[in-house]
Amino acid sequence: MGKYKNDTRVVMTLDAGGNSMRFAAMRGEEFIIVPITLPSNANDLDLCLQTIVTGFKTVINQLGDIKPSAISFAFPGPADYANGIIGGYLPNFPSFRDGVALGPYLKEIFGIPVFINNDGDLFAFGEALSGALPDVNDKLEKLGSAKRYHNLIGYTFGTGFGMGVVVNEKLNRGDNCCAETYCHPNSLLPGLIIEDSVSIRAIKRVYAEQSGVQDPSLTPKDIYDIADGKKPGDKKAALAAFEALGTAAGNSMAVTAQTIDGLIVIGGGISASRKFFMPALLKAMRGTVKTISGDTIQKVQMKVYDLDNENEFAEFAKGDARELKVYGTDKTVTYDPQKRIGVTIDKIGTSTAISIGAYDYALDQLDSKQ
């Protein structure tokens with residue numbers, strides 16, 4: 001059960017895309033109206049802002065006598081999220097590049113708090129409070145394990161390589177709202193960003209290079225079907241495309257996992273291809289590195305488990321627990337020296353996780369200010 005599953009407060013949400021905007025309202029982590037979709041008009045600032053206002057006003061009309069407590073949503077691209085200011089390099093919203101005080105503008109109009117975050121951050125927050133993190137802890141409890149997790153790293157594999165970090169139920173926004181992973185160094189293509197190997201364009205590029213087939217109409221789903229033998233094409237090249245993505249992602253994720261030390265959940269459209277990229281991803285995370293003196297050590301000091309594998313989860317839950325006698329007494333304590341983390345694919349859906357994350361974040365902020 002999610003942290004705010006039984007909360008009666010209503011939050012208006014928005015899924016902001018370059019082509020369309022989807023407005024809705026949530027209560028108790030569930031949508032309570034039929035979502036409203038309007039064109040984004042992203043190239044015209046005045047028209048875009050008018051569209052956002054119209055969308056939320058339409059939601060309020062549908063809510064009737066129910067008064068929303070806040071507005072909370074994800075906006076793509078760089079921003080000063082803490083102050084609700086959108087600006088910078090925004091390919092999908094070019095009219096916002098010079099900076100738009102969107103949060104303060106909406107607060108002036110609607111008179112309620114407005115919270116804006118990066119979609120990767122909200123994905124992680126939704127999974128931490130109401131998705132993968134509580135689900136894993138519930139399973140550990142049912143299996144009799146004393147181990148519990150409090151930190152989560154959420155990744156989205158899709159158009160780009162997004163990330164969010166939650167520590168002890170608090171979203172890490174960073175001091176500049178700039179905690180990102182897409183610009184990490186690329187282990188497969190030195191000198192390039194990691195997103196060039198972990199994205200939709202990466203799968204299409206590797207398949208084209210390996211197969212010699214230049215067909216821009218092929219989608220990752222097509223390449224997945226080729227790898228799965230359900231569609232004609234170069235199966236070897238298709239498998240290579242997902243393996244490359246898994247290797248690159250695993251190498252990048254190993255660095256963050258060692259820094260944050262928490263569970264990992266993967267979402268985004270490409271996550272449905274787990275059976276083709278996960279073996280390479282886990283292999284990369286479980287790999288070794290050498291010291292200058294020649295010693296070999298694990299890339300990630302914690303043991304990395306595939307939490308979607310039933311046998312591995314059982315081992316993950318068991319760990320290396322043992323009874324340890326308290327010196328000078330007849331008492332014992334349970335001691336588990338095994339350091340371990342796990343990787344799982346999101347189960348509630350990436351879009352749903354982002355919406356729940358937006359809802360949960362708004363209520364978390366409202367409660368913290370009381």
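Criterion first (in a helix (DSSP H, G or I) and assigned by TED's automatic domain parsing to the domain that holds residue 261) does residue 179 satisfy it? No; evaluated as a whole, the condition is false for this residue.
Looking across region 209-238, the residues that are in a loop (DSSP other than H, G, I, E, B), surrounded by 14 or more Cβ atoms within 10 Å (Cβ to Cβ) and not small (Gly, Ala, Ser) come down to 218, 228, 231, 234.
Within region 196-208, does at least one residue satisfy the condition of being surrounded by fewer than 19 Cβ atoms within 10 Å (Cβ to Cβ) and assigned to a loop (DSSP other than H, G, I, E, B)? Scanning region 196-208, I find no residue that is surrounded by fewer than 19 Cβ atoms within 10 Å (Cβ to Cβ) and assigned to a loop (DSSP other than H, G, I, E, B), so the answer is no. A search for C-beta distances below 7 Å between a residue of region 326-341 that is assigned by TED's automatic domain parsing to the domain that holds residue 137 and without any contact (Cβ under 8 Å) to a residue 24 or more places away in the chain and any residue that is surrounded by 10 or more Cβ atoms within 10 Å (Cβ to Cβ) and charged (D, E, K, R), counting only pairs 6+ apart in sequence or on different chains, returns 332/325; 335/322; 337/320. Within region 89-99, the residues that satisfy the criterion of being surrounded by fewer than 16 Cβ atoms within 10 Å (Cβ to Cβ) and over 22 Å from the mean Cα position of the chain (by Cα) are 94, 98, 99. Sub-6 Å Cβ pairs linking a first residue in region 239-267 that is more than 17 Å from residue 168 (Cα to Cα) and touching a residue at least 24 places away in the same chain (Cβ under 8 Å) to a second residue that is in a strand (DSSP E or B) and not aromatic (Phe, Trp, Tyr), at least 6 apart or interchain, are 266/345; 267/156, ordered by first then second residue.
Among the candidates 362, 321, the residue that is surrounded by 14 or more Cβ atoms within 10 Å (Cβ to Cβ), farther than 30 Å from residue 273 by Cα, touching a residue at least 40 places away in the same chain (Cβ under 8 Å) and not assigned by TED's automatic domain parsing to the domain that holds residue 158 is uniquely 362.
The values are calculated or read from the model by the stated rules, or taken from the named source; none is laboratory data. All figures in this text were calculated on a predicted structure; none of them were measured in a lab. Reconstructed Cβ throughout: ideal geometry from the backbone, glycine too, with neighbour counts over all protein chains shown.
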